[in-house]
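These notes are about the structure you will find just below.
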Amino acid sequence: MKTPTPLSRRSFLKTSSAGAAAAAVAPSIALGARQEPFRFAQIGCGGKGDSDRDAMIKAGAKVVALCDVDDNNAKNVYAKHADVPKYKDFRVMLEKHDNEIDGFVVSTPDHFHAVAALDAMRRGKHVYVQKPLARTYAECQSMLDASRKYKVVTQMGNQGHSGNG
């Protein structure tokens, strides 16, 4: 009998977090609730954002616009998605593509999660936000209130705990 190859922490986190992002989109596509792909925009394209975006696309979603304040950090992603509009200011991106976006993926540094997610929710966009969801309890409460008020789905990426697995 062959001994299984040990799974490194890094590869486990990468695999499980990709599944978590996809879990937000896959049920509606798999159950036939949507005839067209889920359209999303992303803020924070490099680093963790790379696997978040790839998981969304793998689940059948379509990336509509990308945003990152650091062109160097996002250069590989921008090259991979050359035909997708790019922005440095997520507010401009949301404004220009408001009617084209169903959801918003937030993969920025931690201090910016709530700011970006709340703006998207106020526009009626579903959000997937990397952990931590916010910096303070007040920001978390604001996000809960906004998700209820605007009737949007929100999910925090928490690797193995945010998907069916």
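All of the numbers you see were taken from the coordinates with simple rules; none came from a lab. This is a predicted model, so every value here is computed, not measured. When we count neighbours, we look across all protein chains shown, and the Cβ atoms used for this are built from the backbone with ideal geometry, even at glycine.
Given a Förster distance of 25 Å, report the FRET efficiency between residue 91 and residue 136 from their Cβ-Cβ distance, rounded to the nearest 0.05. If you can, show how the numbers build up before the last one.
On the way: r = 22 Å, r/R0 = 0.86.
About 0.70, to the nearest 0.05.
Annotation: peptides 96-108, 143-155, ranked by per-residue average of other Cβ atoms within 10 Å with the highest first, follow the order 96-108, 143-155.
Between their Cα atoms, which of 48/149; 96/125; 88/151; 125/151 are more than 19 Å away from each other? Beyond 19 Å between Cα atoms: 48/149; 88/151. Set the Förster distance to 25 Å, then compute FRET efficiency between residue 35 and residue 148 from the Cβ-Cβ distance, nearest 0.05. For R0 = 25 Å, the calculated efficiency reads 0.35.
How do 44-52, 69-77, 119-127 rank on mean C-beta neighbours within 10 Å, highest first?
Working: 44-52: 21.6, 69-77: 14.7, 119-127: 19.7.
The most tightly packed comes first, giving 44-52, 119-127, 69-77.
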